[in-house]
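Worksheet: one structure, shown below.
The values are calculated or read from the model by the stated rules, or taken from the named source; none is laboratory data. Everything numeric in this text was worked out from a predicted model, so none of it was measured. Note that each Cβ is placed from the backbone with ideal geometry, even for glycine, and that neighbours are counted across all protein chains shown. We work out accessible area using only protein heavy atoms, side chains counted, and drop any ligands, DNA or RNA first. Shrake-Rupley method; radii C 1.70, N 1.55, O 1.52, S 1.80 Å.
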Amino acid sequence: MSDITLQAFMAQLTIGLIGGCFYAMLSMGLAIIFGLLNIINFTHGAQFMMAAFLAWIGLTQVGPWLGQPDLQVNFWLALVLAPALVAVFGMAIERTLLRRLYHLDHLYGLLLTFGVALVMEGGFRYFFGVSGQGYEPPEILQGPVDVGFMLLPKYRVFVVAASLLICLSTWYLFERTKLGAYLRAGTENPRLLQAFGINVPVLITLTYGFGVALAGIAGVLAAPIMQITPLMGGSLLNIVFAVVVIGGLGSILGAMLTGLGLGLIEGLTKVVYPEASTVVVFVIMALALLMRPAGLFGREA
């Protein structure tokens, strides 16, 4: 530890913060879907991967496929369009498959979404192979920015700022607005809400789509930083589930704060004791469950 410079230490913490931002967005999507729909969405990692691939296709492949090499989708358009397409795909899954399982044990939803995730990963592996793909961030976000003690890539600053804005906006939407109250009421007493003229099934479908869209946004933002492969979502999903469990199943605030905090702890562990960085999240999960089984921000049954 004493041999590590301040610049290297802060660089590692920055990497941890960026990872924490992705953990936060993915785990918030999971928390929304489980908290309001009681579905353990194992397709979340595959939907994260799908959005990254869609953005890569739009930015690098559409032109060659159409015989116009200079044609490509703008990054900012891809940041909106790819998550929207993934959300539509997710809502189709909810309407055709998941809706039949809401009144059954959680295990049925887990097994169904796990199977869908395997099909999605297998399909992308068949068409695009397993080698990593990627694309450059937009020109305005390329290059470093001087923060005094180190040079930080502009794109990573943008990822942190955008992720925090999205997470805080999501928390406010679900916890502090009338729409959020309707969503919670729709899961607790749907017949009462329908008596007020609100279409509860549509509301639930849109909620699932929103949770999936969070995974899609994270996928598009992550693609210029990590390699795009069919298994990129699966490698993150174990940690994201641990984040949700530590924060409290269904707790949106818990998912956000725990995701950011564990990302920083993971980054710090890589500096202090790198060998433990792959297991520190799960050690914290075990300790948290021993001390508070409902999670740090969860409500006791």
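Filtering the stretch 214-235 to residues that are part of a loop (DSSP other than H, G, I, E, B) and out of contact with any Pro (no Cβ under 6 Å at 6 or more places or on another chain) leaves Ala223, Ile225, Met226, Gln227, Thr229, Pro230, Leu231. The residues of the stretch 237-246 that are within 15 Å of Ala46 (Cα to Cα), of a type in the set (A, V, I, L, M, F, W, C) and open to solvent by 20 Å² or more (accessible area, probe 1.4 Å), listed by number, are Ile239, Phe241.
Residues Met91, Met50: which one is modelled with pLDDT of 95 or more, hydrophobic (A, V, I, L, M, F, W, C) and under 14 Å from the mean Cα position of the chain (by Cα)? Explain how you work it out, then say what you get.
Numbers: Met91 fails: under 14 Å from the mean Cα position of the chain (by Cα).
Only one candidate passes the filter, namely Met50.
Of the residues making up the stretch 142-183, those that are β-branched (Val, Ile, Thr) and open to solvent by 30 Å² or more (accessible area, probe 1.4 Å) number 5. Taken over the stretch 65-79, the criterion of being farther than 15 Å from Ala162 by Cβ and open to solvent by 70 Å² or more (accessible area, probe 1.4 Å) is satisfied by Trp65, Leu66, Gln68, Pro69, Asp70, Leu71, Gln72, Asn74, Leu77. The set of residues from the stretch 31-49 being open to solvent by 10 Å² or more (accessible area, probe 1.4 Å) and closer than 16 Å to Ala242 by Cα comprises Phe34, Gly35, Ile40, Phe42. The test for being more than 25 Å from Ser169 (Cβ to Cβ), of a type in the set (A, V, I, L, M) and open to solvent by 30 Å² or more (accessible area, probe 1.4 Å) holds for Leu118.
Residues checked against (1) within 28 Å of Ala8 (Cβ to Cβ); (2) among the polar types (S, T, N, Q):
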| residue | (1), (2) |
| --- | --- |
| Thr258 | yes, yes |
| Gly261 | yes, no |
| Thr269 | yes, yes |
| Ser277 | yes, yes |
| Ile284 | yes, no |
| Leu287 | no, no |
| Pro293 | no, no |
| Leu296 | no, no |
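When you check Ala195 against the structure, is it more than 15 Å from the chain's Cα centre (by Cα), of a type in the set (Gly, Ala, Ser) and surrounded by 13 or more Cβ atoms within 10 Å (Cβ to Cβ), yes or no? So Ala195 fails the test. Looking only at residues of the stretch 125-170 that are in a helix (DSSP H, G or I) and aromatic (Phe, Trp, Tyr), we find that the one that is nearest to the chain's Cα centre (by Cα) is Phe158.
Only one of the listed residues (Leu221, Leu264, Leu249) is at pLDDT 90 or above and either surrounded by fewer than 18 Cβ atoms within 10 Å (Cβ to Cβ) or over 22 Å from Leu85 (Cα atoms) (or both). That residue is Leu264. Just one of the listed residues (Thr278, Thr269) is part of a loop (DSSP other than H, G, I, E, B) and of a type outside the set (Lys, Arg), and it is Thr278.
Here's the yes/no breakdown for (1) in a helix (DSSP H, G or I); (2) touching a residue at least 12 places away in the same chain (Cβ under 8 Å); (3) not aromatic (Phe, Trp, Tyr):
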| site | (1), (2), (3) |
| --- | --- |
| Leu30 | yes, yes, yes |
| Ile39 | no, yes, yes |
| Gly45 | yes, yes, yes |
| Met49 | yes, yes, yes |
| Thr60 | yes, yes, yes |
| Gly63 | yes, no, yes |
| Gln68 | no, no, yes |
| Leu71 | no, no, yes |
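The residues of the stretch 236-251 that are small (Gly, Ala, Ser) and in a helix (DSSP H, G or I), listed by number, are Ala242, Gly247.
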